[in-house]
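> For reference, the structure I am asking about is given below.
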Amino acid sequence: MAYLTLADISKNFNKNPAVEHFNLDVEKGKLVSFLGPSGCGKTTTLRMIAGFETPDSGVIELDGEDISNIPPNKRNIGMVFQSYALFPNMTVLDNICFGLRMHKMLKNQIVPKAREVLDLVRLSDTANRYPNQLSGGQQQRIALARALAIEPRVLLLDEPLSALDAEVRVVLRGEIRRIQTNLKITTIYVTHDQEEALSISDRVVVMNKAHIEQVGTPQEIYREPKTKFVATFIGTANEFHGSVCGKDSVKSAEFLIKTNNASLFADGDEVFALVRPEKIDVYSYKPENIDGNVLEGLVDTITFRGAETRLGIDIGEKVITADVPGKDVFSYGQRVWVAFDSNACQVLK
Amino acid sequence: MKTPTKGPVFLRFLIVSLFVFYMLLPIVATYLFSLATRWDRSIMPEGYTWEAYQTAFNLSYFRITLKNSLILSIASCLVSFIIIVPTVYLTQINFRKFRPLLDLLMIIPFAIPTVVLALSYVRVYTFQPITRSPFLLIMATVVYTMPFMYRSVSNSVDAVDISVLTEASQSLGGDLWNTLTKVIMPNIYPGILSGMLLVFATVFADFTLAKLITGAHFKTFPMLLVEQTQIDGNVAAALSVISFTLAWGISMVLLWFSSKASKSKKAQPSDKAYIGK
Ligand SMILES: Nc1ncnc2c1ncn2[C@@H]1O[C@H](COP(=O)(O)OP(=O)(O)OP(=O)(O)O)[C@@H](O)[C@H]1O
Ligand SMILES: [Mg+2]
């Protein structure tokens with residue numbers, strides 16, 4: 001049975017829906033991330049779980065108990081904020097002890113417990129400093145330690161890393177995942193960074209315009225997007241807009257794209273055929289004997305990205321993005337042929 | 001500007017000196033006048049004496065008015081604190097949209113002449129035991145000085161992200177009381193204190209409200225002072241000096257206490273228990 005359940009949650013602000021018919025089951029000990037563009041309702045959903053907002057309708061259950069009417073300070077749900085929100089008037093240690101004191105922990109256990117979580121985030125030596133004497137990354141670790149100290153039933157993180165620079169962000173997300181896995185703490189992680197979401201989550205909830213687009217493992221979300229939004233929001237996808245033509249192709253303005261995934265749709269349905277850049281092969285000659293799609297074009301842009309090179313190839317109707325191994329060399333304006341398998345081509349409404 | 005030229009430096013110095021002179025001259029003059037024997041035929045007093053102070057201390061109303069004024073000022077500070085701090089906090093957290101209304105309301109005490117405020121209080125609260133009581137006076141002085149307290153507190157509330165701190169506290173299990181006393185107040189302390197100082201000084205020096213509301217029932221120090229101006233200028237000056245010095249001294253004590261309190265909190269290693277083991 002699910003540990004945390006959000007059943008048909010909706011929330012409006014001044015009649016504008018911020019979250020609509022949100023349904024989600026979170027298993028105990030898992031890290032689920034909410035991923036979506038700005039304003040899609042991630043924070044609002046998180047705040048409803050924390051108790052800072054009240055849903056207009058729907059039920060939130062934690063461990064079989066309806067928590068909708070429990071005030072935030074009685075929910076025992078930890079929260080880490082984008083702006084750290086450490087108490088400036090308290091030392092690091094006092095910040096961590098605060099929650100323990102509020103939970104009426106025995107006096108002689110408070111400081112040892114605080115020290116323990118401080119060790120967990122590897123910042124034992126900062127105990128007597130004030131928040132303004134710490135770097136952003138350190139402050140966020142302390143905020144994490146503070147939230148973990150009370151052994152919350154659920155840990156909520158709202159874009160905890162977005163105020164930090166790229167390098168710190170990668171290190172810290174690894175730390176968060178390590179601690180989360182060790183403590184087996186049920187966690188909800190809000191982010192608008194797809195790489196972050198894919199790299200640390202057990203499951204990803206992709207949101208758009210107040211509703212859920214898809215829930216799945218990072219692999220599922222990337223490999224089998226259920227909607228066009230997911231396909232284009234996660235990673236890069238080339239899209240061909242057209243109508244279903246027979247069982248195995250999509251007809252766009254200029255091309256007939258062969259695909260194995262059109263059978264779910266009726267003949268003539270308006271659809272998108274989508275191909276990931278890494279599924280595309282690029283040839284400097286016209287390839288023979290290829291059972292799939294071959295399109296001719298001119299190299300328009302070349303972006304070196306380390307292990308691979310990203311090419312923009314003008315095929316007339318549009319520019320196709322393709323990733324090729326770094327060792328393959330192409331030049332601007334070169335005539336090339338792009339090829340992709342009919343299996344590599346997804347069809348979505 | 002690495003090396004400021006002489007002209008502007010001189011000009012800046014002049015402006016500052018003029019300002020200091022403008023502010024200090026009346027105070028210095030009052031101090032001198034309270035000590036002067038005779039000061040109407042020469043630039044500086046002809047001689048100095050403690051006589052005015054002796055007379056002042058021996059006035060029959062000296063102690064009682066001083067006590068009344070202190071009670072009035074301290075009570076106003078406390079009432080103002082109890083009313084304003086939670087109001088500003090809860091407005092910020094729960095009723096954001098009322099903030100402009102509150103801002104507007106807080107201009108009213110400035111817009112209404114003190115006399116009008118006092119007389120309205122007298123006219124409206126005609127029933128016993130409120131009418132003309134020190135209690136009514138406290139209510140009036142609190143309203144009269146409310147903008148000072150409100151502005152100071154709301155400015156420092158704006159300077160800290162109160163709502164995020166509140167939510168952080170709540171998520172850690174803090175209830176309203178603990179959130180207010182352990183998290184919010186320590187972070188808006190300077191604003192509360194400067195507001196209280198302004199209230200204290202203003203109420204301590206108020207004449208109009210006390211004169212019109214309580215009158216002789218509850219005589220305050222400024223009332224005694226005004227009385228003396230008609231009898232003996234030197235004694236009035238001495239009383240002014242006493243009043244000014246007292247207000248200044250109390251401010252200093254308050255500031256000292258607050259800085260000491262915050263310092264001792266920082267110095268105290270809160271993990272003593274842990275180290276001890
Ligand atoms: N307190 C509020 N009052 C009015 N509207 C709000 C409030 N909070 C959120 N909204 C609106 O609800 C919608 C969802 O907001 P939310 O903060 O949940 O988005 P988000 O997904 O967290 O976005 P971001 O990535 O920018 O943080 C937005 O359109 C926002 O303007
Ligand atoms: Mg947000």
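The values are calculated or read from the model by the stated rules, or taken from the named source; none is laboratory data. Predicted model only: the values in this text are computed from it and were never measured. Glycine also receives a Cβ, built like all others from the backbone with ideal geometry; neighbour counts cover every protein chain displayed.
> Report yes if A:Ser83 is away from every other protein chain (no Cβ under 14 Å) and either within 16 Å of ligand 2 (Cβ to nearest atom) or surrounded by fewer than 19 Cβ atoms within 10 Å (Cβ to Cβ) (or both), otherwise no.
no
> Here's a follow-up. What helices (runs of 4 or more DSSP H) lie completely within region A:188-259 and have 3 or more residues being within 16 Å of ligand 2 (Cβ to nearest atom), in the same structural domain as A:Asn23 (by TED's automatic domain parsing) and under 11 Å from the mean Cα position of the chain (by Cα)?
By residue number, A:194-200.
> Which fully enclosed helices (runs of 4 or more DSSP H) of region B:1-100 have 3 or more residues being modelled with pLDDT of 85 or more and not basic (Lys, Arg)?
Counting at least 3 such residues, we get B:6-35, B:62-93.
> Any residue in region A:43-61 that is farther than 16 Å from A:Asn16 by Cβ sitting within a Cβ distance under 8 Å of a residue that is among the aromatic types (Phe, Trp, Tyr) and away from ligand 2 (no atom under 16 Å from the Cβ)? List the pairs, counting only those 6 or more apart or interchain.
That search, which allows pairs on different chains as well, returns nothing.
> Further question: Taking the criterion of being more than 9 Å from chain B (Cβ to nearest Cβ), within 23 Å of A:Leu46 (Cβ to Cβ), out of contact with any strand residue (DSSP E or B) (no Cβ under 8 Å at 6 or more places or on another chain) and modelled with pLDDT under 95, would at least one residue in region A:102-118 satisfy it?
yes
> Could you say which residue among A:Gly58, A:Gly78 is on the phi > 0 side of the Ramachandran plot and more than 16 Å from ligand 2 (Cβ to nearest atom)?
Among A:Gly58, A:Gly78, only A:Gly58 is on the phi > 0 side of the Ramachandran plot and more than 16 Å from ligand 2 (Cβ to nearest atom).
> Just name the residue that is surrounded by the most Cβ atoms within 10 Å (Cβ to Cβ) out of those in region A:1-34 that are within 9 Å of ligand 1 (Cβ to nearest atom) and not β-branched (Val, Ile, Thr).
By that ranking, first place goes to A:Phe34.
> Separate question: Restricting the search to region A:144-160, which residues are assigned to a loop (DSSP other than H, G, I, E, B), closer than 21 Å to A:Lys104 by Cβ and of a type outside the set (Lys, Arg)?
Answer for region A:144-160, where residues must be assigned to a loop (DSSP other than H, G, I, E, B), closer than 21 Å to A:Lys104 by Cβ and of a type outside the set (Lys, Arg): A:Ile150, A:Glu151, A:Pro152.
> Next question, about the same structure. Restricting the search to region A:116-143, which residues are buried (at least 17 other Cβ atoms within 10 Å of the Cβ) and in a helix (DSSP H, G or I)?
Once the filter is applied, which keeps residues that are buried (at least 17 other Cβ atoms within 10 Å of the Cβ) and in a helix (DSSP H, G or I), region A:116-143 yields A:Val117, A:Leu118, A:Leu120, A:Thr126, A:Pro131, A:Gly137, A:Gln138, A:Gln139, A:Gln140, A:Arg141, A:Ile142, A:Ala143.
> List, please: which pairs have Cβ atoms under 7 Å, are six or more places apart or on different chains, and start with a residue in region B:74-96 that is outside the structural domain of B:Pro134 (by TED's automatic domain parsing) and end with one that is buried (at least 21 other Cβ atoms within 10 Å of the Cβ)?
none
> Taking A:Gly29, is it away from ligand 2 (no atom under 16 Å from the Cβ), at positive phi and either outside any strand (DSSP E or B) or not assigned by TED's automatic domain parsing to the domain that holds A:Leu144 (or both)?
Judged against the criteria, A:Gly29 is a match.
> Mind telling me which of the residues A:Glu159, A:Glu151 ends up being farther than 27 Å from A:Pro37 by Cβ and within 14 Å of another protein chain (Cβ to nearest Cβ)?
Every option except A:Glu151 fails the conditions.
> Follow-up. Which residue, of B:Val143, B:Val153, B:Val115, is in a helix (DSSP H, G or I) and under 19 Å from B:His217 (Cβ atoms)?
Testing whether each residue is in a helix (DSSP H, G or I) and under 19 Å from B:His217 (Cβ atoms) leaves just B:Val115.
> Which one of these is over 18 Å from B:Leu70 (Cβ atoms) and away from every other protein chain (no Cβ under 14 Å): B:Ala140, B:Ala216, B:Ala201, B:Ala210?
The match here is B:Ala216.
> A follow-up question, please. So which strands (runs of 3 or more DSSP E) are wholly in region A:274-349 and hold at least 3 residues that are without any contact (Cβ under 8 Å) to a residue 60 or more places away in the chain and not small (Gly, Ala, Ser)?
The strands (runs of 3 or more DSSP E) meeting that bar are A:281-283, A:292-304, A:308-314, A:319-325, A:335-341.
> Listed residues A:Ile257, A:Ile302, A:Ile290; which is surrounded by 14 or more Cβ atoms within 10 Å (Cβ to Cβ), modelled with pLDDT under 90 and farther than 25 Å from A:Gln214 by Cβ?
None of the other options fit; the residue is A:Ile290.
> Select from region A:316-332 the residues that are modelled with pLDDT under 90 and surrounded by 15 or more Cβ atoms within 10 Å (Cβ to Cβ) and write down the one among them that is nearest to A:His241 (Cα to Cα).
A:Lys318
> Filter region A:35-72 down to residues that are among the acidic types (Asp, Glu) and within 16 Å of ligand 1 (Cβ to nearest atom) and give me whichever is surrounded by the fewest Cβ atoms within 10 Å (Cβ to Cβ).
Looking at the filtered set, the residue picked out is A:Asp56.
> Can you pull out every residue in region B:152-197 that is surrounded by fewer than 18 Cβ atoms within 10 Å (Cβ to Cβ) and more than 14 Å from every other protein chain (Cβ to nearest Cβ)?
Hits for region B:152-197 are B:Asn155, B:Asp158.
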